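Take a look at the structure set out below.
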Amino acid sequence: MGKWKKTAGLIGAMLVAASMVMAGCGSKDTGKKETAAKSPAAAKEELIVGTEPSFAPFEFPDGKDGKIIGFDIDLINAIGKKMGYKKITIKSMGFDALIPAINSGNIDAAIAGMSITDARKKQVNFSDPYYDSGLMAIVRKDNDTIHSLADLKGKKIGVQLGTTGAMEAEKIEGAKVTNFDTSDLACIELQNGNVDAVISDLPVLQYFLKQKGSSYAKAVGEPKKGDHYGIAVAKDKKDVLDGINKAMKELKDSGEYQKIYDKWFSESK
Ligand code: ARG
């Protein structure tokens, strides 16, 4: 127990350091945005959005050219366009670097299948919910001892660092939780036999099983529902938040949101 916590702490510290380096590299952007804040017209030039792209079908690299694609990316592009931005830039970083990047002004918003939680609401504002989600556990196909979350007591569980899945795993008695930088890595370690289970988001694991995962993994137990994704924005960027909510409502009313939804979540996917 103590050991993984230490490891998690270390990885966390490394990511903080990494995000500080990234913040340093982005100083040009920050400068630009400070000016932009003074003149609202200029603020419409570019919307810089952070994400952690190991979360298919919400954000993941396209197999062909590595460009980040997915439901979240289509949604934020449609929102940004509606808000009148000329350019929407997607910046990739560690999941737990997103909130610090919002608050340092390095990015204007984050869209990353991020669940709206009370703890996060203390640090950032969230848009209206745009996707209903939940948590699920998967194990290797040949595992016949784990049938539910309750069976995970004392087991080795892989999660993505800083996620709600990680928090859920930490609640399980005696579980040895390993935090990975990406959710893909957690699944690879499940395949390799280094963890007994992975806890992550329901739609992401469902997509993973459909795409390739079912060759070695299967879902167990009942999913834990009642989670909602929101777009995170700095507390002092009320105008950006209002713009996002207004644009999202328009996209929902016009059916454009539904089109994007169907593109990524239709049965054939
Ligand atoms: N919904 C979960 C959370 O908010 C997981 C999100 C992980 N997202 C990602 N892009 N890797 O903690």
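The values are calculated or read from the model by the stated rules, or taken from the named source; none is laboratory data. Everything numeric in this text was worked out from a predicted model, so none of it was measured. Neighbour counts are summed over all protein chains in view; Cβ atoms, including those assigned to glycine, are modelled from backbone coordinates with ideal geometry. Calculation scope for accessible area: heavy atoms of the full protein, side chains included, ligands and nucleic acids excluded. Shrake-Rupley method; radii C 1.70, N 1.55, O 1.52, S 1.80 Å.
Would you mind checking the range 200-237 for residues with the amide N under 16 Å from a putative spin-label position 7 Å along Cα→C-beta of Asp128?
Within reach of a label on Asp128: 228-232.
In square angstrom, what is the accessible area per residue of the range 195-253 with a 1.4 angstrom probe?
With all protein chains present, the range 195-253 gives 47 Å² per residue.
So how much slack lies between Lys87 and Thr117, counting 0.36 nm per residue of separation and subtracting their Cα-Cα distance, in nm?
7.9 nm
Could you please report the charge total around Thr163, scoring K, R as +1 and D, E as -1 over all other residues with beta-carbon less than 10 angstrom from its beta-carbon?
Charge balance near Thr163 sits at -4.
What does the net charge come to around Ile69 if you take all other residues with beta carbon closer than 9 Å to its beta carbon, with K and R at +1 and D and E at -1?
-2
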